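Novice: Could you have a look at this structure, given as structure tokens, before my questions?
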Amino acid sequence: MHRLAIFASGTGSNAKKIIEYFKDNAHIEIALVVSNKKDAGVLPMAQSHDVPQLVINRSQFYDTQSILDELKTQQIDFIILAGFLWLIPNYLVNAYGGRMVNIHPALLPKYGGKGMYGMHVHRAVKAAGDKESGMTIHWVNQQYDEGATIFQARCEINEQDTAEDIAKKVLQLEHKHFAPVVEKILLN
């Protein structure tokens, strides 16, 4: 049985889709949701699905390895970053090398890096006049959005699309593909 932790900072719409996707899976369990915001929407959502939650603070995350100890205690063997906005510290990247993935709302390597998240990405795509956007699932390394690409899905952008329209299209791709790609990684 694979025991997964989802790290999220926001509402948790991707986390929700992942939890629902693996709800009755005999081989994969979402065992923990970790957030760096005590008022993040992902926390009550996880609670409503009976998934334990852990709220962490910056000092705890960067100045100690207590999160690693907790992940070991919970027997977590794979981490999914689903809208988690902090850079992952080296000790955690090293401990979960090849066992930690992130989703990014653009076609990396374009529109990646520090500060490129959420609507910042979609506004940049719109401002550049790109004809397509999409999402990237990639391995996590010590840099924002620079780990090797695992999977990308694309959507067309029309001239009249706003940044909000682009965000909706990309989110649909994320919801459709994230959980199945994780499943394929774990079961192949």
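The values are calculated or read from the model by the stated rules, or taken from the named source; none is laboratory data. What you are looking at is a predicted structure, and each value in this text was computed from that prediction instead of being measured. Glycine gets a Cβ as well: all are built from the backbone with ideal geometry, and neighbour counts include every protein chain shown. The protein model used for the area step is the full one, side chains on, heavy atoms only, and it has no ligands, DNA or RNA in it. Shrake-Rupley method; radii C 1.70, N 1.55, O 1.52, S 1.80 Å.
Novice: If I ask for residues that are within 30 Å of THR162 (Cα to Cα) and open to solvent by 40 Å² or more (accessible area, probe 1.4 Å), which ones from the range 97-112 would you list?
Specialist: PRO109, LYS110, TYR111
Novice: If I filter the range 113-138 down to residues being part of a loop (DSSP other than H, G, I, E, B) and modelled with pLDDT under 95, which single residue comes out as least open to solvent (accessible area, probe 1.4 Å)?
Specialist: The extreme case among them is GLY113.
Novice: Check whether at least one residue in the range 97-111 is of a type outside the set (S, T, N, Q), more than 17 Å from the chain's Cα centre (by Cα) and at positive phi, and report yes or no.
Specialist: For the range 97-111, residues of a type outside the set (S, T, N, Q), more than 17 Å from the chain's Cα centre (by Cα) and at positive phi: absent.
Novice: A further question follows. Could you please find all residues in the range 122-142 being within 15 Å of the chain's Cα centre (by Cα) and closer than 29 Å to ASN57 by Cα?
Specialist: MET135, THR136, ILE137, HIS138, TRP139, VAL140, ASN141
Conditions tested, residue by residue: (1) aromatic (Phe, Trp, Tyr); (2) open to solvent by less than 10 Å² (accessible area, probe 1.4 Å); (3) closer than 18 Å to TYR96 by Cβ.
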| residue | (1), (2), (3) |
| --- | --- |
| ILE6 | no, yes, yes |
| THR11 | no, no, no |
| LYS16 | no, no, no |
| LYS23 | no, no, no |
| ILE30 | no, no, yes |
| SER35 | no, yes, yes |
| GLN47 | no, no, no |
| GLN65 | no, no, yes |
| LEU71 | no, yes, yes |
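Novice: Before we move on, is LYS168 closer than 19 Å to ILE6 by Cα, free of Cβ contacts under 8 Å to residues at least 12 places away in the same chain and open to solvent by 20 Å² or more (accessible area, probe 1.4 Å)? Walk me through how you get there before you give the answer.
Specialist: Values: closer than 19 Å to ILE6 by Cα: no; free of Cβ contacts under 8 Å to residues at least 12 places away in the same chain: yes; open to solvent by 20 Å² or more (accessible area, probe 1.4 Å): yes.
No.
Novice: Please list, ordered by first then second residue, the pairs with beta carbon atoms under 8 Å, 6 or more apart or interchain, first in the range 78-96 and under 14 Å from TYR144 (Cβ atoms) and open to solvent by 10 Å² or more (accessible area, probe 1.4 Å), second basic (Lys, Arg) and modelled with pLDDT of 95 or more.
Specialist: Pairs that qualify, where the first residue is under 14 Å from TYR144 (Cβ atoms) and open to solvent by 10 Å² or more (accessible area, probe 1.4 Å) and the partner is basic (Lys, Arg) and modelled with pLDDT of 95 or more, are TRP86/ARG58.
Novice: Sticking with this structure for a sec: Quick one: SER59 ticks every box in (1) of a type in the set (S, T, N, Q); (2) under 22 Å from GLY10 (Cβ atoms); (3) surrounded by 13 or more Cβ atoms within 10 Å (Cβ to Cβ) bar one, so which box is it?
Specialist: Result: SER59 fails condition (3) only.
Novice: What single numbered condition from (1) closer than 15 Å to ILE80 by Cα; (2) touching a residue at least 24 places away in the same chain (Cβ under 8 Å); (3) touching a helix residue (DSSP H, G or I) at 6+ places or on another chain (Cβ under 6 Å) fails to hold for GLN53?
Specialist: Every listed condition holds for GLN53 apart from (2).
Novice: Could you please give the count of residues in the range 140-155 that are open to solvent by less than 70 Å² (accessible area, probe 1.4 Å) and in contact with a strand residue (DSSP E or B) (Cβ under 8 Å, 6 or more places away or on another chain)?
Specialist: Matching residues across the range 140-155 total 9.
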